[in-house]
Amino acid sequence: MKSATLFVVSCVLMFFVLHNTKVEAKKECAPELVYLASGKCDPDAQKSAAQCVSEIKDTCYPRCQCRNQDNGHSCTCFHT
């Protein structure tokens with residue numbers, strides 16, 4: 001009976017310890033993000049990259065390239 005009580009108490013304590021810990025997951029980012037938008041890219045390469053960064057609104061992807069398409073533009077963004 002003593003060992004059964006000890007086992008139950010151990011299980012309850014383990015339950016409290018395991019469920020009381022807080023684990024924060026890091027935000028996982030894909031290596032590349034392609035975003036299609038309407039309108040055209042800015043003719044200046046730096047401004048067009050900044051245009052794409054502001055359009056996607058994701059801090060994971062600070063570097064972008066803008067390319068004009070027939071029906072708008074595509075932003076290809078990379079994370080560091």
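The values are calculated or read from the model by the stated rules, or taken from the named source; none is laboratory data. The shown structure was predicted, so the numbers you read here are calculated from the model rather than taken from an experiment. Positions of Cβ are generated from backbone atoms using ideal geometry, with glycine treated the same way; all protein chains shown enter the neighbour counts. When the accessible area is computed, the model is the full protein with side chains, heavy atoms only, and any ligands, DNA or RNA have been set aside. Shrake-Rupley method; radii C 1.70, N 1.55, O 1.52, S 1.80 Å.
Quick test of your reading of the structure: Thr5 fulfils all but one of (1) assigned to a helix (DSSP H, G or I); (2) within 17 Å of the chain's Cα centre (by Cα); (3) not aromatic (Phe, Trp, Tyr). Name the failing condition by number.
Condition (2) is where Thr5 drops out.
Considering (1) open to solvent by 90 Å² or more (accessible area, probe 1.4 Å); (2) in contact with a Ser or Thr (Cβ under 8 Å, 6 or more places away or on another chain), say which one Met14 fails and leave the rest.
Condition not satisfied by Met14: (2).
Give Cys75, Cys64 a once-over and let me know the one that is in contact (Cβ under 8 Å) with a residue 24 or more places away in the chain, open to solvent by less than 70 Å² (accessible area, probe 1.4 Å) and part of a strand (DSSP E or B). Let's see the steps before the verdict.
Numbers: Cys64 fails: in contact (Cβ under 8 Å) with a residue 24 or more places away in the chain.
Going through Cys75, Cys64 in turn, just one is in contact (Cβ under 8 Å) with a residue 24 or more places away in the chain, open to solvent by less than 70 Å² (accessible area, probe 1.4 Å) and part of a strand (DSSP E or B): Cys75.
Look through segment 30-52, keep the residues that are open to solvent by less than 50 Å² (accessible area, probe 1.4 Å) and not in a loop (DSSP other than H, G, I, E, B), and return whichever of them is farthest from Gly72 (Cα to Cα).
Ala49
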